[in-house]
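Worksheet for the structure shown next.
The values are calculated or read from the model by the stated rules, or taken from the named source; none is laboratory data. Computed from a prediction, not measured in an experiment: that's the story for all the values here. Glycine gets a Cβ as well: all are built from the backbone with ideal geometry, and neighbour counts include every protein chain shown.
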Amino acid sequence: MDIIKINNITKDYGGGRGIFDVSFCVKKGEIMGFLGPNGAGKTTTIRHLLGLINPQNGTATIKDMDCFKSADIISKYLAYLPGEISFFDNMSGNEFINFIAKMKGIVDMKYVDLYKDKFELDANISIKKMSKGMKQKLALVVALMQDAEIMILDEPTSGLDPLMQNRFVEIVLELKKRGKTILMSSHIFEEIEKTCDRVVIIKNGKVVAVENVDKLKHNKEINYEIEFESEEICKVFIKENPDLNAKIRNKIVTISYSNDINTLLKILLKYSIKDLNVYQKSLEELFMHFYGGEQK
């Protein structure tokens, strides 16, 4: 069952800015990664889901309700973590948490304590004295304490140290086990790889791919660095195996290979080699060809 559905939505701001015929869906209990360079259209798409923008064409629905027309009803099922967070600096962290809880009608505060502990957040501190990382922890607590059925998380680990980034991944996997539906925009590819079922990739306001993460992992090419006894042997290897598209540097040959490793090993047995190093391409490397070399 599709909980979030975006069908051919367009919002044209002119000059090539906006989003154009964007379509994708998020199934119940699925975690969907939302990837793209800055300015690609992620925020505009999310603003449609929040009911802040009415599309010029197409539809955006959550639980089969129009996101613009039924924004008030949808908000009861939805928690949102913005990429740029605004706080009341004159409040302490706890005061801000209580303010949002009252506004959202949250009575049971068990998740507040749970997530404050998980993120090691001292919420007694004044917000204006908090570091960027502490403010991000506070924002995560406020979003997660709602225990919403559907979550939209925009750059959720921005400003967090690696330990807390790993803690966030653990929390998302726990939420997944509990059947939460999550759309997550992130620039941290490792985070996407560890948590998401699928990814939608957007560039210049258009969806360029919707991919299954497990399939991408399975199809990863493996890079091999082979050190030969001499540069002459390297040249012989390349000449005799042109289909491998090998690259040579001194006595080291690098190839990308996705077929059965036993086939490659049989080829290498014919030559005198000193060392062999193996590493897989990251998901980031795989995604970058969609971006045409642009920075994230």
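Within the range 221-239, the set of residues being part of a helix (DSSP H, G or I) and either touching a residue at least 12 places away in the same chain (Cβ under 8 Å) or in contact with a Leu (Cβ under 8 Å, 6 or more places away or on another chain) (or both) comprises Glu231, Ile233, Cys234, Lys235, Val236, Phe237, Ile238. In the range 78-100, of all residues being among the aliphatic types (A, V, I, L, M), within 16 Å of Asp147 (Cα to Cα) and more than 25 Å from the chain's Cα centre (by Cα), the one that is modelled with the lowest pLDDT corresponds to Ile100. Applying the condition of being of a type in the set (Ser, Thr, Tyr) and under 18 Å from the mean Cα position of the chain (by Cα) to the range 131-162 and asking which residue is surrounded by the most Cβ atoms within 10 Å (Cβ to Cβ) yields Thr157. If the condition is being part of a loop (DSSP other than H, G, I, E, B) and surrounded by 15 or more Cβ atoms within 10 Å (Cβ to Cβ), then the range 98-128 contributes Ile106, Phe119, Leu121, Ala123, Ile125. Looking at Asn57, is it surrounded by fewer than 20 Cβ atoms within 10 Å (Cβ to Cβ), on the phi > 0 side of the Ramachandran plot and over 21 Å from the mean Cα position of the chain (by Cα)? Answer is no for this residue.
Confirm whether Ile62 is modelled with pLDDT of 95 or more, closer than 19 Å to Val199 by Cβ and either under 23 Å from the mean Cα position of the chain (by Cα) or not aromatic (Phe, Trp, Tyr) (or both). In short, no. Scanning the range 170-202 for residues that are among the hydrophobic types (A, V, I, L, M, F, W, C) and within 14 Å of Ser158 (Cα to Cα) yields a total of 4. Of all the listed residues (Ser70, Ser75), the sole one being modelled with pLDDT under 95 and over 22 Å from Thr195 (Cα atoms) is Ser75.
Okay, residues lined up against (1) closer than 28 Å to Ile100 by Cβ; (2) surrounded by 17 or more Cβ atoms within 10 Å (Cβ to Cβ); (3) of a type in the set (S, T, N, Q):
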{"residue": "Ile9", "(1), (2), (3)": "no, yes, no"}
{"residue": "Lys27", "(1), (2), (3)": "no, no, no"}
{"residue": "Arg47", "(1), (2), (3)": "yes, no, no"}
{"residue": "Asp64", "(1), (2), (3)": "yes, no, no"}
{"residue": "Ala79", "(1), (2), (3)": "yes, yes, no"}
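Being among the polar types (S, T, N, Q) and out of contact with any helix residue (DSSP H, G or I) (no Cβ under 9 Å at 6 or more places or on another chain) holds for only one residue in Asn262, Asn241, Asn250, and it is Asn262. When Lys110, Lys102 are checked against the criterion of being more than 21 Å from Thr181 (Cα to Cα) and not assigned by TED's automatic domain parsing to the domain that holds Glu30, Lys102 stands alone in meeting it. Per this entry, Asn262 is not counted among residues that are at pLDDT below 85 and farther than 30 Å from Ala40 by Cβ. Screening Val199, Val213, Val278 for residues that are at pLDDT 90 or above and within 30 Å of Leu35 (Cβ to Cβ) leaves exactly one candidate, Val199. Taking the range 100-147 as the search range and keeping residues that are small (Gly, Ala, Ser) and in contact with a Gly (Cβ under 7 Å, 6 or more places away or on another chain), which one is nearest to Leu160 (Cα to Cα)? Only one residue fits best here, namely Gly133. For beta carbons closer than 6 Å, sequence separation of 6+ or different chains, a first residue in the range 35-50 that is touching a residue at least 24 places away in the same chain (Cβ under 8 Å) and a second that is in a helix (DSSP H, G or I), the qualifying pairs are Gly36/Lys42; Pro37/Tyr291. Applying the condition of being touching a residue at least 60 places away in the same chain (Cβ under 8 Å) and not hydrophobic (A, V, I, L, M, F, W, C) to the range 51-88 and asking which residue is farthest from Met134 (Cα to Cα) yields Lys63.
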